[in-house]
Amino acid sequence: MDKKNIDWSNLGFGYIKTDKRYVANYTNGAWDEGALIDDDTINMSECACVLQYAQTVFEGLKAYTTEKGETVVFRPDLNAERLANSARRMEMPVFPEEKFIDAVEQVVSANKAYVPPYGTGATLYLRPFMFGINPVIGVKPADDFQFRIFATPVGPYFKGGAKPITIKVCDLDRAAPHGTGYIKAGLNYAMSLHAIVTAHKEGFDENMYLDSATRTKVEETGGANFLFITKDNKVVTPKSDSILPSITRRSLMVVAKDYLGLEVEEREVYFDEVKDFAECGLCGTAAVISPVGKINDHGKEICFPSGMEKMGPVTQKLYDTLTGIQMGRIEAPKGWIKVID
Ligand SMILES: *Cc1c(COP(=O)(O)O)cnc(C)c1O
């Protein structure tokens, strides 16, 4: 398969239209067959439920080329499961999990020329999403829905090495107890836009959200979960019902325990104890791990001993091992890597 003539290593994280996308429609209480199509636009009523009441959920995963030259995706079964959970919470029909995986395969296969070659650091980002499409004016769930997956090539997240970032403790909330923080709903991102624009204006890279009930516990950032490393090399991640269960974070916890022999803990993490950790990182599909060098709490700085120049040593090992597994350099746990023909 000839690859597209793209400068892979210098790609950013922006939308580039690719050849094929998958579309399935839910009408009269059932999903249709679904198919690959060319049209990247969507025609819908001005009163579509998604436009009025934000009834939409999404996923994000990547396809890439391994060292052996195979095209693969990482744990798509977990994206299928998480989208199903998101749909249930939003009164949307579940898109069958086997069909989700099949649709991912179809989209990657049809856009193989856009899957970046091994070693470029670039990947083909996949965006599955679902939304209420029929007109709804009195507040209620839609009756008809559309599920789509498009693909867009994205560049290496870290150009020239992963530099630690600086984050701030945010005074706004992105999720509430018993709210929707644990699902991947567009509305959670809408909630975080003002906070992230403000953080950037103030010179910070990201926001740290605290639990909205007591403002004493660490939750997550707008789009990534926290991992902390204690001074005695334990890997700690916050436990909360209002954070999004990151597939990257869950995978890193397995890597920490089974590959690196580290002790792992998923538990409530009080903001007061953050100053005592040795390393801090943010995990998500896009970057795998972004190291955090500094946290600004209303002018008071917490500086991690790992500093602002490079990732901490344990974070680095976690990063190298998981990316090694993803790229086929290290043997993966059973079922983690799905090869696309
Ligand atoms: C998507 C997302 C993450 C990261 O999840 P991954 O499955 O690792 O990509 C973390 N937090 C939020 C709020 C998210 O939406």
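The values are calculated or read from the model by the stated rules, or taken from the named source; none is laboratory data. Remember, it's a predicted structure, so these values are computed and weren't measured experimentally. Backbone-built Cβ (ideal geometry, glycine too); neighbour counts: all protein chains shown.
Worth pointing out:
- Scanning the range 296-310 for residues that are buried (at least 23 other Cβ atoms within 10 Å of the Cβ) and modelled with pLDDT of 95 or more yields a single hit, Phe304.
- Per the conditions (1) in contact (Cβ under 8 Å) with a residue 40 or more places away in the chain; (2) not in a strand (DSSP E or B), the sole criterion not satisfied by Gly281 is (2).
- If only residues of the range 116-131 that are among the hydroxyl-bearing types (Ser, Thr, Tyr) and assigned to a strand (DSSP E or B) are counted, the one that is surrounded by the fewest Cβ atoms within 10 Å (Cβ to Cβ) is Tyr125.
- Criterion (modelled with pLDDT of 95 or more and in contact with an Asp or Glu (Cβ under 9 Å, 6 or more places away or on another chain)) met by exactly one of Val50, Val57, Val73: Val73
- Pair list, Cβ < 9 Å and 6+ apart or interchain, from the range 235-250 residues that are within 22 Å of Ala278 (Cα to Cα) and among the aromatic types (Phe, Trp, Tyr) to residues that are part of a strand (DSSP E or B) and within 7 Å of the ligand (Cβ to nearest atom): none
- Qualifying residue in the range 58-71 (condition: charged (D, E, K, R) and in a strand (DSSP E or B)): yes
- Being modelled with pLDDT of 95 or more and more than 21 Å from the chain's Cα centre (by Cα) holds for only one residue in Pro135, Pro116, Pro128, and it is Pro135.
- Test: residue in the range 81-94 that is in contact with a helix residue (DSSP H, G or I) (Cβ under 9 Å, 6 or more places away or on another chain), free of Cβ contacts under 8 Å to residues at least 24 places away in the same chain, within 14 Å of the ligand (Cβ to nearest atom) and not assigned by TED's automatic domain parsing to the domain that holds Gly223: yes
- Condition met for Gly181 (modelled with pLDDT of 95 or more and either within 17 Å of Ile289 (Cα to Cα) or outside any strand (DSSP E or B) (or both)): yes
- Residue within the range 316-337 that is on the phi > 0 side of the Ramachandran plot and surrounded by 19 or more Cβ atoms within 10 Å (Cβ to Cβ) present: yes
- Among the residues of the range 292-303, those that are more than 16 Å from the ligand (Cβ to nearest atom) and either in contact (Cβ under 8 Å) with a residue 40 or more places away in the chain or outside the structural domain of Val236 (by TED's automatic domain parsing) (or both) comprise Gly293, Lys294, Ile295, Asn296, Asp297, His298.
- Checking Thr248 against (1) β-branched (Val, Ile, Thr); (2) in a strand (DSSP E or B); (3) within 13 Å of the ligand (Cβ to nearest atom), the condition it does not meet: (2)
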